[in-house]
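Chemist: Pasting a structure below so you can have a look.
Readers should treat all values here as calculations from the given coordinates under stated rules, not as data from a laboratory. Computed from a prediction, not measured in an experiment: that's the story for all the values here. Neighbour counts are summed over all protein chains in view; Cβ atoms, including those assigned to glycine, are modelled from backbone coordinates with ideal geometry.
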Amino acid sequence: MLDLHKDDIFTKVSRFNLIRNGRMLYIDVHQSIQGQLAAKFIAVPNLVNIIAKPEQQGIGESEQEAIKDCLTKIKGQPIEEIFPMENNQAKGNNK
């Protein structure tokens, strides 16, 4: 057991790159070392400082299952639809 705060989650990360329409995004696969994730492995698409919406993230009991689940969820989607908007004004919603 590592000496971490009781609520900390510590993961080992493998990184994959996906190039779509000339743009690159990363997919980091997290394996829980200490603490509880949604599954043993979680694949998280990201743009370094922006992570994908939870419904675009993959889960699985292995790295391969998590990445396959993630790729299935984001297949064919424009990069802009994978990541949350900072505010609704970007979509023309001025509420």
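Chemist: Which of the numbered conditions does L25 fail, given that it passes all the others? Conditions: (1) touching a residue at least 40 places away in the same chain (Cβ under 8 Å); (2) outside any strand (DSSP E or B); (3) of a type in the set (A, V, I, L, M, F, W, C).
Modeler: Going through (1) touching a residue at least 40 places away in the same chain (Cβ under 8 Å); (2) outside any strand (DSSP E or B); (3) of a type in the set (A, V, I, L, M, F, W, C) one by one, L25 breaks only (2).
Chemist: Next question. Looking at Q64 and the list (1) in contact (Cβ under 8 Å) with a residue 24 or more places away in the chain; (2) over 27 Å from H5 (Cβ atoms), which single condition is not satisfied?
Modeler: (1)
Chemist: Take the conditions in a strand (DSSP E or B) and within 14 Å of E65 (Cβ to Cβ) and apply them to I33. Does it pass?
Modeler: no
Chemist: Tell me, yes or no, whether the range 57-66 has at least one residue that is part of a helix (DSSP H, G or I), surrounded by 11 or more Cβ atoms within 10 Å (Cβ to Cβ) and either in contact with a strand residue (DSSP E or B) (Cβ under 6 Å, 6 or more places away or on another chain) or aromatic (F, W, Y) (or both).
Modeler: Yes: the range 57-66 contains one or more residues that are part of a helix (DSSP H, G or I), surrounded by 11 or more Cβ atoms within 10 Å (Cβ to Cβ) and either in contact with a strand residue (DSSP E or B) (Cβ under 6 Å, 6 or more places away or on another chain) or aromatic (F, W, Y) (or both).
Chemist: Of everything in the range 17-30, what is under 11 Å from the mean Cα position of the chain (by Cα), within 14 Å of L71 (Cβ to Cβ) and not acidic (D, E)? Give them in sequence order.
Modeler: First, pick out the residues of the range 17-30 that are under 11 Å from the mean Cα position of the chain (by Cα): 25-30.
Then drop every residue that is not within 14 Å of L71 (Cβ to Cβ), which leaves 25-29.
Result: L25, Y26, I27, V29.
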